[in-house]
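Colleague: Handing you a structure now.
All of the numbers you see were taken from the coordinates with simple rules; none came from a lab. What you see is a predicted model; the values in this text were computed from it and never measured. With ideal geometry, Cβ positions are generated from the backbone for all residues, glycine too; neighbour counts draw on all protein chains shown.
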Amino acid sequence: MARVTVEDCLDNVDNRFELVMLATKRSRQLATGGKEPKVPWDNDKPTVVALREIAEGLVDEEVIRLDDIVEEEPLFAAFEVNDEADGEAL
């Protein structure tokens with residue numbers, strides 16, 4: 001696969017600092033196995049895959065934010081169920 005350049009990514013992200021934060025969050029999602037890549041993996045590291053996704057316009061801050069919300073919802077739902085069960089036991 002061709003190398004991904006910062007300039008390729010900056011077409012879809014406002015500045016370099018935002019790019020670093022976005023690539024960090026996305027590569028962490030890929031590395032932990034929490035999310036499937038939106039581009040072929042091609043034996044690359046998670047950071048390279050994240051940058052390729054950003055360069056192709058497949059991932060932006062909104063996508064990361066929505067993925068984080070989806071991950072948190074079941075966790076909060078479990079706490080709500082436990083709170084209701086604790087209230088009934090008293």
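Colleague: For a quick check: sort K25, K45 by the number of other beta carbons within 10 angstrom, fewest at the front.
Modeller: K45, K25
Colleague: Here's another thing I want to ask about it. By how many nm would the segment from L66 to E36 lengthen if fully extended, with 0.36 nm per residue of separation less the alpha-carbon distance?
Modeller: Stretched out fully, the L66 to E36 stretch lengthens by 9.4 nm.
Colleague: Quick check on the exposure proxy: order V49, V39 from fewest to most C-beta atoms within 10 angstrom.
Modeller: If I rank by nearby Cβ atoms, fewest first, I get V39, V49.
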